[in-house]
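Remarks on the structure that follows.
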Amino acid sequence: GETEGPFAMTFRDKTKSFDLSGGAKIRWATKSSGFHVVQPVIKLTDGSMFVGDVSSQNVAMMLLSEFPVGTVRWVKLDPMRVVTLATPGGTFNQIWASPDLSKVDEVGFADLIPGSGHGTGGWVHVGSIEVYGKSINR
């Protein structure tokens with residue numbers, strides 16, 4: 001689809017949540033245009049959302065890449081505006097948060113740059129996303 005603003009999309013299992021602590025990883029196939037990048041998003045079972053500092057920017061071809069979830073630095077995400085938020089109590093104006101990766105309800109991706117419509121102005125394409133972690137019954 002086409003969006004005018006930044007966007008995030010998440011997916012979930014109807015019967016299970018996820019423990020993405022330890023050796024969990026995400027693998028995705030992505031392609032982008034302009035300065036647009038694909039970044040991971042998680043939604044915890046308490047409803048809070050976070051966007052990660054890992055980014056995938058691959059102009060002109062679909063690229064398969066993966067990363068360990070435990071190495072990602074997270075920033076709180078406002079799901080309605082799809083913008084990052086300050087972390088209360090952060091020292092030295094740090095925005096990094098420490099979400100409980102053992103209580104993940106949804107996983108997905110975001111593009112934090114507004115879209116420019118059809119054409120070469122800029123976009124992201126996620127061909128696939130795979131999540132490897134422990135499943136937990138709801």
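The values are calculated or read from the model by the stated rules, or taken from the named source; none is laboratory data. This structure is a prediction, so every number in the text was calculated from the model and none was measured. Methodologically, a virtual Cβ is constructed for each residue, glycine included, from the backbone with ideal geometry; neighbour enumeration extends over all protein chains shown. Keep in mind that these areas ignore ligands, DNA and RNA; they rest on the heavy atoms of the full protein, side chains included. Shrake-Rupley method; radii C 1.70, N 1.55, O 1.52, S 1.80 Å.
Only residues that are among the polar types (S, T, N, Q), in contact with a Ser or Thr (Cβ under 8 Å, 6 or more places away or on another chain) and more than 15 Å from ALA97 (Cβ to Cβ): list them for the range 22-56, please. Explain how you work it out, then say what you get.
So the first thing to find is which residues in the range 22-56 are among the polar types (S, T, N, Q), and the list is 30, 32-33, 39, 45, 48, 55-56.
Retained after the next criterion (residues that are in contact with a Ser or Thr (Cβ under 8 Å, 6 or more places away or on another chain)): 30, 32-33, 39, 45, 56.
Across the range 22-56, the qualifying residues are THR30, SER32, SER33, THR45, SER56.
Yes/no matrix, rows are residues, columns are (1) modelled with pLDDT of 95 or more; (2) over 18 Å from ARG12 (Cα atoms):
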| position | (1), (2) |
| --- | --- |
| SER33 | no, yes |
| VAL72 | yes, yes |
| VAL107 | yes, no |
| GLY133 | yes, no |
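Screening THR71 on (1) free of Cβ contacts under 8 Å to residues at least 60 places away in the same chain; (2) among the β-branched types (Val, Ile, Thr); (3) surrounded by 13 or more Cβ atoms within 10 Å (Cβ to Cβ) shows it passes everything except condition (3).
Report whether or not PHE109 is loosely packed, with under 12 Cβ neighbours inside 10 Å and either in a helix (DSSP H, G or I) or touching a residue at least 60 places away in the same chain (Cβ under 8 Å) (or both). So that I can check it myself, show each step before the final result.
On the way: loosely packed, with under 12 Cβ neighbours inside 10 Å: no; either in a helix (DSSP H, G or I) or touching a residue at least 60 places away in the same chain (Cβ under 8 Å) (or both): yes.
Against the criterion (loosely packed, with under 12 Cβ neighbours inside 10 Å and either in a helix (DSSP H, G or I) or touching a residue at least 60 places away in the same chain (Cβ under 8 Å) (or both)), PHE109 does not qualify.
So that you can scan it fast, the table gives a plain yes or no per residue for (1) open to solvent by 50 Å² or more (accessible area, probe 1.4 Å); (2) under 12 Å from the mean Cα position of the chain (by Cα):
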{"site": "GLU2", "(1), (2)": "yes, no"}
{"site": "THR15", "(1), (2)": "yes, no"}
{"site": "LEU20", "(1), (2)": "no, no"}
{"site": "ALA29", "(1), (2)": "no, no"}
{"site": "GLY34", "(1), (2)": "no, no"}
{"site": "PRO40", "(1), (2)": "no, yes"}
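The residues of the range 31-43 that are within 21 Å of VAL83 (Cα to Cα) and of a type outside the set (Phe, Trp, Tyr), listed by number, are SER32, SER33, GLY34, HIS36, VAL37, VAL38, GLN39, PRO40, VAL41, ILE42, LYS43.
Residue check: is SER56 among the hydroxyl-bearing types (Ser, Thr, Tyr), within 12 Å of the chain's Cα centre (by Cα) and more than 19 Å from GLU4 (Cβ to Cβ)? If you could, list the steps in order and put the result at the bottom.
On the way: among the hydroxyl-bearing types (Ser, Thr, Tyr): yes; within 12 Å of the chain's Cα centre (by Cα): yes; more than 19 Å from GLU4 (Cβ to Cβ): yes.
It is true that SER56 is among the hydroxyl-bearing types (Ser, Thr, Tyr), within 12 Å of the chain's Cα centre (by Cα) and more than 19 Å from GLU4 (Cβ to Cβ).
Quick one: would you say GLY115 is within 25 Å of THR3 (Cβ to Cβ) and touching a Gly at 6+ places or on another chain (Cβ under 6 Å)? Criteria not met by GLY115. No other residue among LEU101, LEU44, LEU64, LEU77 is aliphatic (A, V, I, L, M) and open to solvent by 50 Å² or more (accessible area, probe 1.4 Å) apart from LEU64.
Counting only residues that are among the acidic types (Asp, Glu) and more than 23 Å from ASP105 (Cα to Cα), the range 18-71 holds 0 of them.
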